[in-house]
Structures are given as C-alpha cells and as structure tokens.
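See below for the structure under consideration.
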Amino acid sequence: MDLKHESVLLDECLEGLDIKADGVYIDGTLGGGGHSLAICSKLGKEGVLIGIDQDAYALERAKQRLLGVTCKTVFVRDNFRNMAAIVEQHAPDKVDGILLDLGVSSFQLDDVDRGFSYHNTAKLDMRMDDRQRITAYHVVNEYDLASLEKVIRQYGEEKFAKRIASFIVEARSKKPIDTTTQLAEIIKSAIPAKFRRVGPHPARRTFQAIRIEVNQELEILEQTVEDAVKSLKTGGRLAIITFHSLEDRIIKNKYKSLQNPCTCPPDFPVCRCGKEATIKIITRKPIVAGQEELESNARARSAKLRIAEKI
Ligand SMILES: C[S@@+](CC[C@H](N)C(=O)[O-])C[C@H]1O[C@@H](n2cnc3c(N)ncnc32)[C@H](O)[C@@H]1O
C-alpha cells in the first residue's frame, strides 16, 4: 500500500517551535512522521524527539521513517490526552516544544479498510485507535435519534441534521447499516435535491461528525492544551494545527483564557483573583498556508496554525 501524507505548514511549525539543537520535543500526532523528521533534522545528538500516535500503523511507519535520525527518539502508542503521564515518564524535566497536527492523516483517510471515506465501500469503522470499543457502526446503528441528531449538528455543523438522523433511524429499523457507501446513500437521500447539487459531497459533514464522535476528537482538546502547557519548560513553545472551525475555536479560546485567566471584574484596579497568565500567544492571527503550498497540498487549504509560549 503506497499511501502518502504531505505535512502541512512544515517550515512555519519549525520556526514557531523555535527549535534548540539539544532540546526535547513532543510530536503528539506523529502520523506519517513528516513533521517529526523535520524537527529531528534541527536536533543534534543530545536532542530528543518523543513521538506519540494512537494508531499502531502510523507509529510503525513513522518509526521506520525516522530510523536514520541522529537525535534520540522515543515512540509512544497512546492518546495525546495522556500527555501529562507521558511527559512524567519520558521527560520529567519537561519539554521545549510540543506539536499537535490534529485530525486524521491522508493515509488513514485513503486506507479503504479503515472506513473513513464515503468514496469506497468499507465496514463502518473510523477508529484511529483500533483498541477502542466504539466504532462508526456503533454510533450509526445504536445511538438514539436525539443523540445522533446532536452529533451530526454539533460536530458536522449540518443544517439537515434532523432529517439525516431520522433517515438513518428509519433505514436501520429495516436492517443494520453496515458500510460507508450505504450510509452515504442514506445521507444523500435525506438532503433535499437542490442542496445536493451545491458545495461538497452531501455526506461530508455527517462523516466528519461521526469521525469526531468515534474518536472523541473535541472533548479532549481543552484539557490537552492545559496539560501541554504544564509540560513545557518556561519559554517552551506549543504549536497546534487545526483543520476545521470547531477545533480552531477551541484552541483559540483556550489560548486566550490561558493568556488572560483573570476573573476579576474589569473595574477592579488590581487583580484579586490571583489567576496568572501561563502563556503568551505568539500568533495573534492563525498562520495559514501560502499560495505555493496551497497549490501542492489540498489538505493545507483549511489548516490553521496557532503558537503559544509558556511564561
Ligand atoms: C494529521 S496526522 C499527523 C501528520 C504528521 N504531522 C505528519 O507530518 O505526517 C494526525 C495523526 O495524529 C494521530 N492522532 C489524532 N488524534 C490523536 C490523539 N488524540 N492521540 C494520539 N494520536 C492522535 C492520528 O492517528 C494521525 O496519525
């Protein structure tokens, strides 16, 4: 299988992380190892790269790709939500930088058997971590109508969430919905014809929503940012790339609240709540891909990079 993943905003990440040759860096979303390889190229023999991925296949691939690097490497198959414990075990003196390139990689999306794509027929799965119990099949066939509608509306920002959820419930009352293409057809039939012809594939938003639900992608983000900041040395950098507005909003707001956590009424002349800033936001506006990258990498279109520094 020759599947490719092109790393987004690579130079911008390296610059944003402000890499020191002897520093310790975490790539919390190892994926195809592209960002990690670039980070390692800036590290000397004393530098350390800790690569985390919850997907066993991604971890193996990345390990192979990083075989020749000169810095030390540590590979951890885990969810980055467990960052605090991983840092305690592998870098008790804390780290100089953390990168999170959120979401799924192209090779996960393109691997037909993983069931992420509505373009090919596969069992409904969508798990990044195959040790996990809940799959897309479970969400689609077992969630009640209200929960299904909520997932599709919230995580897919889909205006036809109610109709889609009803069509799914109606279809599965006859026989279980087994495959990606069966689900895509049901979603398509739920969307009124005139809206089907414009914009992206009619199943795109619902597939995104189910994937986010299966992998609990948004629930863990706020806490992860907090734990990541606690894991950084003073002056250490946190770089996060998001791919849709839901993720980006969470990161933007979390950064803001860590930079300005004070809860005193605005007319108080001095802070009495005692809550102090733990970060300085480096990117007032998110960094987005330039024209050249946009032309060569479609995934870069929706990527936004936000960088913060631990103070
Ligand atoms: C967009 S890809 C990263 C690509 C990588 N930066 C590169 O240059 O090749 C995201 C990767 O993060 C992993 N991932 C996503 N959420 C995760 C989480 N909560 N914990 C651990 N790994 C996660 C996915 O399995 C996937 O391999």
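Out of all the residues in the range 85-93, is one or more under 30 Å from Tyr137 (Cα atoms) and touching a residue at least 60 places away in the same chain (Cβ under 8 Å)? The answer is no; no qualifying residue exists.
Yes/no matrix, rows are residues, columns are (1) in contact with a Pro (Cβ under 9 Å, 6 or more places away or on another chain); (2) at pLDDT 95 or above:
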| position | (1), (2) |
| --- | --- |
| Arg153 | no, yes |
| Phe167 | no, yes |
| Ala171 | no, yes |
| Glu185 | no, yes |
| Arg196 | yes, no |
| Asn215 | no, yes |
| Glu222 | no, yes |
| Ile240 | no, yes |
| Asp248 | yes, yes |
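Taking the range 212-233 as the range and being crowded, with 23+ Cβ neighbours inside 10 Å, among the aliphatic types (A, V, I, L, M) and within 16 Å of the ligand (Cβ to nearest atom) as the test, the residues that pass are Val214, Val225, Ala228.
Please count how many residues of the range 238-265 are in contact with a helix residue (DSSP H, G or I) (Cβ under 8 Å, 6 or more places away or on another chain) and within 16 Å of the ligand (Cβ to nearest atom).
Here is the first cut: in the range 238-265, the residues in contact with a helix residue (DSSP H, G or I) (Cβ under 8 Å, 6 or more places away or on another chain) are 238-244, 246-247, 250-251, 254-255, 258.
Filter again for within 16 Å of the ligand (Cβ to nearest atom), leaving 238-244, 246-247, 250-251, 254.
Within the range 238-265, residues that are in contact with a helix residue (DSSP H, G or I) (Cβ under 8 Å, 6 or more places away or on another chain) and within 16 Å of the ligand (Cβ to nearest atom) number 12.
A quick yes/no check of all residues on (1) within 30 Å of Asp18 (Cβ to Cβ); (2) buried (at least 20 other Cβ atoms within 10 Å of the Cβ); (3) touching a residue at least 24 places away in the same chain (Cβ under 8 Å); (4) within 16 Å of the ligand (Cβ to nearest atom):
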position	(1), (2), (3), (4)
Thr180	no, yes, yes, no
Glu185	no, no, no, no
Ala203	no, yes, yes, no
Gly235	yes, no, yes, no
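Counting only strands (runs of 3 or more DSSP E) that sit completely within the range 23-121, those holding 3 or more residues that are more than 12 Å from the ligand (Cβ to nearest atom) and either over 24 Å from Glu247 (Cα atoms) or among the charged types (D, E, K, R) (or both) correspond to 72-77.
State yes or no: is Asp130 surrounded by fewer than 20 Cβ atoms within 10 Å (Cβ to Cβ), farther than 21 Å from Phe243 by Cα and charged (D, E, K, R)? Explain how you work it out, then say what you get.
Numbers: surrounded by fewer than 20 Cβ atoms within 10 Å (Cβ to Cβ): yes; farther than 21 Å from Phe243 by Cα: yes; charged (D, E, K, R): yes.
When the stated conditions are applied, Asp130 passes them.
The values are calculated or read from the model by the stated rules, or taken from the named source; none is laboratory data. Predicted, not measured: the structure shown is a model, and the values here were computed from it. When we count neighbours, we look across all protein chains shown, and the Cβ atoms used for this are built from the backbone with ideal geometry, even at glycine.
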